[in-house]
Amino acid sequence: MAIKKILRLFSAALAASVCALIFGCGPSKPELNVYMWSDYIDMDLVREFERQNSCKVVIDIFDSNEFMYSKLKAGGTGYDVILPTSYMAKVMFDQNMLEKLDLSKIPNSKYVNQKVLSDLAIDKKMEYSVPYMLGYTCVAYNKGKIGEIPATWDVFSNEKYAGKMTMLNDHRETIGAALFFTGKSMNDSSDQALAKAKEVLLKWKKNLAKFDNELYKVGIQSGEFLIVQGYSGDIFQVLAESPNLAYMCPKEGISMSCDDWVIPVTANNKDLAHKFINFLCDPKNAAKNMEFTCYSAPIPEARKYVSEENKNHPGMFIPDDLYKRGELIRDLGADNSKFNALWDAVKGN
């Protein structure tokens with residue numbers, strides 16, 4: 001009987017092995033579901049994280065904070081780690097959508113720049129978020145076709161380029177540009193300031209091909225667009241491939257933003273999510289990510305591992321003058337509805 005039992009066990013083990021080899025059955029790898037912006041992480045790093053943790057990383061993409069937030073509020077679940085901009089992370093935390101982080105599981109958080117935390121971060125103690133990348137909004141243009149352009153947001157009022165310009169499909173960024181142009185803070189929610197910003201935006205809109213967050217990168221490279229408002233990392237990525245392009249930072253002011261890793265309360269793999277955030281805070285990994293994205297990781301130690309040609313890159317290492325005059329998007333509480341209403345009015349006009 002013992003021999004028969006051993007044979008049965010051996011047969012079962014052999015069958016399981018054959019099944020795993022032929023049909024791919026057997027224990028499945030844990031899965032980490034990430035919800036983030038596009039073109040914003042070096043996939044070689046993702047594969048290395050998968051290898052180190054014997055897991056599978058699945059990335060889903062959003063193109064605006066508001067779309068991401070609306071999807072989650074409508075019941076979208078299944079994500080383990082999400083990458084909102086700081087102001088939206090604060091909104092989500094205040095609405096009990098996010099876990100409090102266990103920083104003992106993110107030991108590499110010690111590398112996060114304390115100056116960034118004190119000067120720019122909304123969550124200064126990393127209670128619910130860990131900074132990932134800093135960027136700013138600027139303007140790319142086809143210098144080969146139109147030459148130098150003035151460093152002002154009012155370039156979008158130039159009818160000579162009508163139909164050949166785009167601005168971001170992001171109400172805080174684009175309304176913010178109009179507020180800057182009128183001499184206001186991009187977070188000014190007074191009725192008077194927003195009324196003037198609306199006038200400016202309607203004037204600019206007449207000359208725009210569209211509001212867009214994604215295709216402007218392809219369009220400025222192909223020559224379809226001549227002038228585009230865009231995020232610094234995106235713009236520096238296309239500049240590296242297109243010597244006929246240039247960029248400028250409008251003198252009236254620029255927005256700065258920080259995107260933060262957060263873990264939603266509905267996450268299925270919270271431990272793995274902590275490991276993922278910790279992995280990306282490693283200075284060597286942060287350096288590799290910077291060179292891929294052209295954004296600035298708030299990890300000073302990463303500079304040691306960036307190639308010599310990029311140690312003064314204006315996207316990876318934001319110049320002091322931009323850092324000082326850039327303004328961070330803030331959550332405006334009840335006044336957010338004013339920006340939403342203005343945006344609806346501009347886009348529907």
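Figures for the structure shown
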| item | result |
| --- | --- |
| ³J(HN,Hα) computed for each position of the range 134-151 - Karplus, 6.51 cos²θ - 1.76 cosθ + 1.60, integer Hz, glycine/proline x | 9, x, 9, 9, 9, 10, 9, 8, 8, 5, x, 9, 10, x, 5, 10, x, 7 |
| Local electrostatic count at S118 - Lys and Arg +1, Asp and Glu -1, tallied over other residues with Cβ under 11 Å | +2 |
| Prolate/oblate/rounded label for the range 23-142 (Cα gyration tensor, a/c 1.5) | rounded |
| The chain, relative contact order in percent, only Cα pairs under 8 angstrom and at least six apart counted | 26 percent |
| Using θ = phi - 60° and Karplus 6.51 cos²θ - 1.76 cosθ + 1.60, couplings along the range 125-132 (whole Hz; Gly, Pro as x) | 9, 6, 5, 10, 8, 10, x, 10 |
| FRET efficiency, 1/(1 + (r/R0)^6) with R0 25 Å, evaluated for D331 and K205 via beta carbons | 0.45 |
| Kyte-Doolittle at least 0.5, axis length at least 30 Å by Cα - qualifying DSSP helices, the chain | 2-23 |
| Under 12 Å from the Cα of K105 - aspartates and glutamates, other chains or at least 8 residues apart | D271 |
| Global form of the range 57-103, assessed from the alpha-carbon gyration tensor, a/c cut-off 1.5 | rounded |
| Long-range HN-HN contacts of L32 with modeled amide H, under 5 Å | K56, V57, V58 |
| Local electrostatic count at D335 - Lys and Arg +1, Asp and Glu -1, tallied over other residues with Cβ under 14 Å | +1 |
| The range 74-160, Cα convex hull volume normalised per residue, Å³ | 206 Å³ |
| Set K71/K288; K115/K347; K90/K251; K110/K311 screened for pairs whose C-alpha atoms are more than 26 Å apart | K71/K288; K115/K347; K90/K251 |
| Built amide H within the under 5 Å cut-off of E327, gap 5+ | I254, S255, M256 |
| Between the range 185-235 and the range 245-276, the Cα center-to-center distance that results, in Å | 20 Å |
| For the chain, calculated [θ]222 nm from helices alone, where every DSSP H run of n ≥ 4 adds -39500 (n - 2.57) | -12500 deg cm²/dmol |
| Length-normalised contact order of the range 190-307 in % [C-alpha pairs under 8 Å, at least 6 apart] | 19 percent |
| Cross-link reach list, lysines versus K143, counting only Cα pairs under 17 Å and skipping chain neighbours closer than eight places | K160, K164, K217 |
| Full-stretch length increase - E214, D94 - with 0.36 nm per residue and alpha-carbon distance subtracted | 40.3 nm |
| Of all DSSP beta bridges in the chain, antiparallel share, percent nearest 5 | 55 percent |
| Proportion of all alpha-carbon pairs of the chain beyond 28 Å (%) | 48 percent |
| Kirkwood-Stokes translational diffusion coefficient of the range 214-278, alpha-carbon pairs, 20 °C, 1.002 mPa s, µm²/s | 144 µm²/s |
| Whether the range 206-349 is rounded, prolate or oblate, judged on the alpha carbon gyration tensor where a/c under 1.5 counts as rounded | oblate |
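Values quoted throughout were computed directly from the atomic coordinates according to the rules given, and no laboratory measurement underlies them. Here the structure is a predicted model, which is why all the values come from computation and not from measurement. Methodologically, a virtual Cβ is constructed for each residue, glycine included, from the backbone with ideal geometry; neighbour enumeration extends over all protein chains shown.
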